[in-house]
Amino acid sequence: MSKEPLLEITDLRLDFKHAGSDRMVEAVRGVDLRVFEGEILGLVGESGSGKSVTALSITGLLPKTASVKSGRIFFEGRDLLALPEEDLRKVRGSRISYVFQDPASSLNPVFTIGDQLMETVMLHQNAGKGDAFDIAAGSLKDVGMPSPKEQMYAYPHQLSGGMRQRVMIAMAIACRPKLLIADEPTTALDVTVQAQILELLSELKEELSLTVILITHDLSIVSQVAEKTAVMQQGRIVEYGDTEMVYRKPSHPYTKKLIDCIPKIGGR
């Protein structure tokens, strides 16, 4: 008997209101997607393919110009699109967490990273300051931050780009969510730090029994860590399957083009 998916998206359709008019632009066109517990799913596509807005619809963080035309998003047996905002807020951050692309713009420069981590813990776990400090410092340790208790007093500008991204991941896992959505988490980082962040996501998946959706435009990143890959083009899933099979024997021309874009050693 096949196991049930942790997350299942069915016939998701999203429109965006065109700037300066009442015209609607279709951004997501009937997406069907299943994510199973304990796996990393790579969601791949170029900018504008609809991958980020699909992920934002899961957490109810769509911009005001977006509207859901149809579809259902089941997570742990509940349709997230049908939940009242108060109930969805409880899911967001505690059961589903989001790591955005640019930690520099996501972290508040005037507060220490400890204050920002503790705020998340106190909001979702009803913890006091003392417990929140210990949980936050423990999350920094989980993501490999050196001297985590001392780093609690650091400001974002005092950390490197890679360390800031680790802070964002620590914030996302502090409440031990079931699903982590990482939206282009390595884009602004150099190649060495990219590899460290990808390795960290793989380690956290095993240690914390996380399920991860990794959003990227780079198929080579997905090939390193993801068990399953879904390829998006123009608001549709055009290919889905085991990453190795998608990488070795792509069936859709768009996937083949993405693979051809990966630099080859010895190539021009």
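The values are calculated or read from the model by the stated rules, or taken from the named source; none is laboratory data. Since we're looking at a predicted model, the values are computed, not measured. With ideal geometry, Cβ positions are generated from the backbone for all residues, glycine too; neighbour counts draw on all protein chains shown.
Some points to look at:
- Leading residue by the ranking (nearest to residue 93 (Cα to Cα)) among those in the range 38-80 that are in contact with a His (Cβ under 9 Å, 6 or more places away or on another chain) and surrounded by fewer than 17 Cβ atoms within 10 Å (Cβ to Cβ): 65
Table: residues versus (1) over 30 Å from residue 160 (Cα atoms); (2) among the charged types (D, E, K, R); (3) modelled with pLDDT of 90 or more.
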{"residue": "63", "(1), (2), (3)": "no, no, no"}
{"residue": "81", "(1), (2), (3)": "yes, no, yes"}
{"residue": "98", "(1), (2), (3)": "no, no, yes"}
{"residue": "113", "(1), (2), (3)": "no, no, yes"}
{"residue": "117", "(1), (2), (3)": "no, no, yes"}
{"residue": "126", "(1), (2), (3)": "yes, no, no"}
{"residue": "129", "(1), (2), (3)": "no, yes, yes"}
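- The lone exception for residue 104 - which of (1) touching a strand residue (DSSP E or B) at 6+ places or on another chain (Cβ under 6 Å); (2) under 25 Å from residue 221 (Cβ atoms); (3) in a helix (DSSP H, G or I); (4) not polar (S, T, N, Q) it fails: (1)
- Looking only at the range 200-234, and only at residues there that are within 18 Å of the chain's Cα centre (by Cα) and in a loop (DSSP other than H, G, I, E, B), the one that is surrounded by the most Cβ atoms within 10 Å (Cβ to Cβ): 226
- Selection status of residue 88, at pLDDT below 95 and in a helix (DSSP H, G or I): yes
- Enumeration of residues in the range 43-73 that are under 21 Å from residue 212 (Cα atoms) and part of a strand (DSSP E or B): 43, 44, 72, 73
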